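Student: One structure coming up, written as structure tokens, with questions to follow.
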Amino acid sequence: MSQQVARADTLFLHEAGDDFLVVIDRDGSRVFRGTLELKETDAGPRPRRFLKTEDSGDEPLRPEEFVEIARSANRIRISQQTSTEARQRLKSMLEGYQQEALVVRTCRYCANAGRYSPITEESAIVADRDHICQDCAIQELERELSFKGQFTGAAQDRLEELLLEVGDLDRIIDLLQGELDPDLTQFDTISATTDEVDPYPTSDLDLHPVLQEMVEDRFEHLLPVQSLAVENGLFGSEHVSGEKTGGTAKRSQGQDQLIVSATATGKTLVGELAGVDRALRGEGKMLFLVPLVALANQKHEDFEDRYGDELDVTLRVGGSRVTGSGAQFDPSADIIVGTYEGIDHGLRTGKDMGDIGTVVIDEIHSLKEGERGHRLDGMISRLKHYCEQRARQRSSYDGAQYIYLSATVGNPEWLAKRLKATLIEFEERPVPIERHVTFADGREKLRIENRLVKREFDTKSSKGYRGQTIIFTNSRRRCHEISRKLEYSSAPYHAGLDYGKRKQVERRFGNQDLSAVVTTAALAAGVDFPASQVIFDSLAMGIEWLSVQEFSQMLGRAGRPDYHDKGTVYLLVEPDAVYHGSMEATEDEIAFTLLKGEMEDVSTVYDEAAAAEETLANIVVAGKLAKRLNERMLGDVPTKHAVGKLLEWRFIDGFEPTPLGRAVTTHFLSPDDAFRILEGIRDDSTPYELVADLELADQEL
């Protein structure tokens, strides 16, 4: 026996009931495990019985062999978890053989399993009021996750990362039981930042007298992004040089600008000032374009309240793609607030919208979205063509100024160059945002959401405002389900509600009568709810995962500088969850992709159907000049191939649309939808059956 252990590095002793566990470690590996029993003698404690533990059973050894082992060991260690009395007995026994031992902290789980695992303050993990090694802690966590039955992949990696970071297994287990320990749920904090920009005094603006008075009554100085826009040619060269026009005289046209700045930094006012000023001077109307009807309704109401006494304000939104009627609007109005499709419908059907002085396109990053992206790209090209043609016909009209707005663009320099616009980029976050992640299934999410909403609404900011919450989820049905479960006052908000109900929700939220709104994608694009907290009940919208851009846009709704001291964002993640069979990743994997992700570039990609649709619309609007319109678009449109397909499908005859082609483009039909309708007509389908087929086809995409 002594020859076997002659090279023993460490002799480890650990209390095991009335006996002691003996472990011999050599070169980092266990080479011996046994049990030692002591007896009391006149000389002090001495070995009574020494056993070697084998899988087949215990092998008795001579007690003297333990003494040989102790004398041959380079070091002797006693577990700190050994009781004080037992520790004294061991030390006294070893001193009788002129051996010394140090008391060290070791992993109790390893010791009980016959392993020697010393741990330090830095490496120890708290577990059940004791300390264990990191390997055992991870095994215990995996056992707990296995019991819950759904944690793998990214969720498990995150929890293991947290375990090693905080060093407390009990806190991690509590987190799995729904405890919202902010030190554990917090993923990071996006700090408040302010770029140094000299504020531009509103008194130095050379606006129309009516607008000048309004602005000076509201602000003493412009916000930084607004100041940058003015200093970089928003109102033309006169403002840059300091010249005055007297507020009513005609001046040089301002620069086209791409404004990229975070939510709540004031970028919308940039377009508003330029457009309203030109409208008041009689230099052309303002078009203010947004992607969604809800946003258009809100902006129309805002502009009507603010400028309705001086200017005519009208609304133009897209109608059904079957009726194609759109909202009735006054094309001669001074301010037209519309959706992309609403204005594009006017272009496709040859509406005379008069002299357009300013075009403000909000949410320009929508260019990267599937169907909406290529339609926005085409609409911009068609609108520029309309203004160019009108300028050729009317010498008094010098075209439109274009102002593009976005909070989230991954490639702003490229986009500004393609749009031929001056880039105004201002990286500011007015208030810090804490981002939290916790794991829960669908039922647990409801309970956590209720707690978070109550906690936030019961808290007031230093500015005197209660905390209010926006909850994003992936379906209208889930909106209503969550809202019903919240104890404090709340309301669902989505495109399925009629205009009156949506306005009522907006008003009640603004009056702080609601603790929360529960919504789908509608709010992500910018409806103005001054929320302090955003909760992601789901990281999907419909049957698709959010993009980094959409996610950033949505979390940016949390925290407004005039209301709140900070914003708070919670991701409630269901491990291994998918919401549709077509989803490749799981929700926990998507969560950390979004949190760590780089902003996607904004560009428009054309497949055959998209290229054919936009080429057809351009032919309807511009005839033989359609190729020029295609070349101006952001995406690479294969014009020759698209024209060939349109001829094959009999949507065009030469560079003239056929009646079928004109109907297809008027109603924003994709080629597939057009063929589906034609097939239904040939089969004598009723209009209701046609509409049902179109909707079912959309859901299958």
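The values are calculated or read from the model by the stated rules, or taken from the named source; none is laboratory data. In this text the structure is predicted, and so the values were computed from the model without any measurement. We place every Cβ from the backbone using ideal geometry, glycine too, and count neighbours over all the protein chains shown. Surface areas here come from the heavy atoms of the whole protein model, side chains and all, with no ligands, DNA or RNA. Shrake-Rupley method; radii C 1.70, N 1.55, O 1.52, S 1.80 Å.
Student: Would you mind telling me which numbered condition in (1) within 18 Å of Gln401 (Cβ to Cβ); (2) modelled with pLDDT under 95; (3) surrounded by fewer than 23 Cβ atoms within 10 Å (Cβ to Cβ) His239 fails?
Tutor: (3)
Student: Looking at (1) within 33 Å of the chain's Cα centre (by Cα); (2) modelled with pLDDT of 85 or more, which is the only condition Arg321 fails?
Tutor: (2)
Residues are listed down the side, and each one gets a yes or a no for (1) within 55 Å of the chain's Cα centre (by Cα); (2) among the charged types (D, E, K, R); (3) over 24 Å from Thr84 (Cα atoms):
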site: Leu11; (1), (2), (3): yes, no, no
site: Ala16; (1), (2), (3): yes, no, no
site: Ser29; (1), (2), (3): yes, no, yes
site: Thr35; (1), (2), (3): no, no, no
site: Leu38; (1), (2), (3): no, no, no
site: Pro45; (1), (2), (3): no, no, no
site: Phe50; (1), (2), (3): no, no, no
site: Glu54; (1), (2), (3): no, yes, yes
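Student: I need the helices (runs of 4 or more DSSP H) fully contained in the range 131-192, keeping only those with at least 2 residues that are touching an Asp or Glu at 6+ places or on another chain (Cβ under 7 Å).
Tutor: Answer list for the range 131-192: 134-148, 153-166, 169-176.
Student: Right, here's the next one. I'd like the residue in the range 450-478 that is among the hydrophobic types (A, V, I, L, M, F, W, C) and farther than 16 Å from Arg508 by Cβ and, out of all such residues, is farthest from the chain's Cα centre (by Cα).
Tutor: Leu452
Student: Take Leu94 and decide whether it is among the aliphatic types (A, V, I, L, M), farther than 30 Å from Glu165 by Cβ, in a helix (DSSP H, G or I) and out of contact with any helix residue (DSSP H, G or I) (no Cβ under 9 Å at 6 or more places or on another chain).
Tutor: no
Student: Turning to a different aspect of this structure: Kindly indicate which of Val437, Val359 is more than 30 Å from Gln177 (Cβ to Cβ) and touching a residue at least 12 places away in the same chain (Cβ under 8 Å).
Tutor: None of the other options fit; the residue is Val359.
Student: Looking only at residues in the range 559-592 that are in a strand (DSSP E or B) and under 11 Å from the mean Cα position of the chain (by Cα), which one is surrounded by the fewest Cβ atoms within 10 Å (Cβ to Cβ)?
Tutor: Val569
Student: Follow-up question, since we're still on this one. Within the range 101-115, identify whether any single residue is in a strand (DSSP E or B), touching a Pro at 6+ places or on another chain (Cβ under 7 Å) and surrounded by 14 or more Cβ atoms within 10 Å (Cβ to Cβ), and answer yes or no.
Tutor: Yes; the residues of the range 101-115 include at least one that is in a strand (DSSP E or B), touching a Pro at 6+ places or on another chain (Cβ under 7 Å) and surrounded by 14 or more Cβ atoms within 10 Å (Cβ to Cβ).
Student: Turning to a different aspect of this structure: Touching a residue at least 12 places away in the same chain (Cβ under 8 Å) and more than 40 Å from the chain's Cα centre (by Cα), is that true of Gly654?
Tutor: no
Student: So which residues in the range 385-409 are in contact with a helix residue (DSSP H, G or I) (Cβ under 7 Å, 6 or more places away or on another chain) and surrounded by fewer than 19 Cβ atoms within 10 Å (Cβ to Cβ), if there are any at all?
Tutor: Tyr397, Asp398, Gly399
Student: Could you tell me which numbered condition Asp206 fails, if it satisfies all but one of (1) out of contact with any Ser or Thr (no Cβ under 6 Å at 6 or more places or on another chain); (2) within 24 Å of Ser261 (Cβ to Cβ)?
Tutor: Among (1) out of contact with any Ser or Thr (no Cβ under 6 Å at 6 or more places or on another chain); (2) within 24 Å of Ser261 (Cβ to Cβ), the lone unmet condition for Asp206 is (1).
Student: Here is a further query. For the structure I just gave you, tell me whether Ile590 is among the aliphatic types (A, V, I, L, M) and under 30 Å from Leu184 (Cα atoms).
Tutor: Against the criterion (among the aliphatic types (A, V, I, L, M) and under 30 Å from Leu184 (Cα atoms)), Ile590 qualifies.
Student: If Ala127 satisfies all but one of (1) closer than 30 Å to Leu162 by Cβ; (2) without any contact (Cβ under 8 Å) to a residue 40 or more places away in the chain; (3) touching a Leu at 6+ places or on another chain (Cβ under 9 Å), what's the number of the condition it fails?
Tutor: (2)
Student: Let me ask something else. Restrict the check to the range 380-400 and report whether at least one residue is of a type in the set (S, T, N, Q) and under 23 Å from Met554 (Cα atoms).
Tutor: Within the range 380-400, none of the residues are of a type in the set (S, T, N, Q) and under 23 Å from Met554 (Cα atoms).
Student: With the requirement that a residue be in contact (Cβ under 8 Å) with a residue 40 or more places away in the chain, assigned to a strand (DSSP E or B) and over 11 Å from Gly114 (Cα atoms), what does the range 21-51 give you?
Tutor: Leu38, Gly44, Pro45, Arg46, Pro47
Student: Further question on the same structure: Going through Gly153, Gly167 one at a time, which residue ends up being out of contact with any Leu (no Cβ under 9 Å at 6 or more places or on another chain), farther than 26 Å from Asn450 by Cα, at pLDDT below 85 and not polar (S, T, N, Q)?
Tutor: Residue meeting the stated conditions: Gly153.
Student: Mind listing just one residue for me: the one in the range 620-677 that is among the hydroxyl-bearing types (Ser, Thr, Tyr) and closer than 24 Å to Val317 by Cβ and, of those, least open to solvent (accessible area, probe 1.4 Å)?
Tutor: Thr665
Student: Hey, another quick one. Take the residues in the range 494-509 that are open to solvent by 60 Å² or more (accessible area, probe 1.4 Å) and not in a loop (DSSP other than H, G, I, E, B); name whichever of them is modelled with the highest pLDDT.
Tutor: Here the answer is Arg508.
Student: Sticking with this structure for a sec: I'd like to check something: does the range 65-84 contain any residue that is open to solvent by 40 Å² or more (accessible area, probe 1.4 Å), assigned to a loop (DSSP other than H, G, I, E, B), closer than 24 Å to Ser117 by Cβ and free of Cβ contacts under 8 Å to residues at least 24 places away in the same chain?
Tutor: Scanning the range 65-84 turns up no residue that is open to solvent by 40 Å² or more (accessible area, probe 1.4 Å), assigned to a loop (DSSP other than H, G, I, E, B), closer than 24 Å to Ser117 by Cβ and free of Cβ contacts under 8 Å to residues at least 24 places away in the same chain.
Student: I'd like the full set of residues that are part of a helix (DSSP H, G or I) and either touching a Cys at 6+ places or on another chain (Cβ under 8 Å) or under 25 Å from Asp601 (Cβ atoms) (or both), limited to the range 628-673.
Tutor: Leu629, Asn630, Glu631, Arg632, Thr639, His641, Ala642
Student: Under 7 Å between Cβ atoms, which residue pairs at least 6 apart in sequence (or on different chains) link something in the range 100-113 that is touching a residue at least 24 places away in the same chain (Cβ under 8 Å) with a partner that is among the basic types (Lys, Arg) and buried (at least 16 other Cβ atoms within 10 Å of the Cβ)?
Tutor: Ala101/Arg77; Ala101/Lys91; Leu102/Arg77; Val103/Arg87; Val104/Arg77
Student: So which residues in the range 284-315 are part of a helix (DSSP H, G or I) and surrounded by fewer than 19 Cβ atoms within 10 Å (Cβ to Cβ)?
Tutor: The answer is Glu301, Asp302, Glu304, Asp305, Arg306.
Student: Would you mind telling me which numbered condition in (1) aromatic (Phe, Trp, Tyr); (2) at pLDDT 85 or above; (3) open to solvent by 60 Å² or more (accessible area, probe 1.4 Å) Phe147 fails?
Tutor: (2)
Student: Quick one: which residue in Leu625, Leu694, Leu678 is hydrophobic (A, V, I, L, M, F, W, C) and either part of a loop (DSSP other than H, G, I, E, B) or touching a His at 6+ places or on another chain (Cβ under 8 Å) (or both)?
Tutor: Every option except Leu625 fails the conditions.
Student: On to the next question. Here is a list of conditions, (1) farther than 22 Å from Leu546 by Cβ; (2) part of a helix (DSSP H, G or I); (3) of a type in the set (Gly, Ala, Ser), and Ala491 meets all of them except one; can you say which number that is?
Tutor: Of everything listed in (1) farther than 22 Å from Leu546 by Cβ; (2) part of a helix (DSSP H, G or I); (3) of a type in the set (Gly, Ala, Ser), Ala491 misses just condition (2).
Student: Additional query: Any idea how many residues of the range 359-372 are surrounded by fewer than 22 Cβ atoms within 10 Å (Cβ to Cβ) and touching a helix residue (DSSP H, G or I) at 6+ places or on another chain (Cβ under 7 Å)?
Tutor: The total comes to 1.
Student: Taking only the range 602-619 into account, find how many residues are assigned to a loop (DSSP other than H, G, I, E, B) and open to solvent by 10 Å² or more (accessible area, probe 1.4 Å).
Tutor: Summing the residues that are assigned to a loop (DSSP other than H, G, I, E, B) and open to solvent by 10 Å² or more (accessible area, probe 1.4 Å) in the range 602-619 gives 5.
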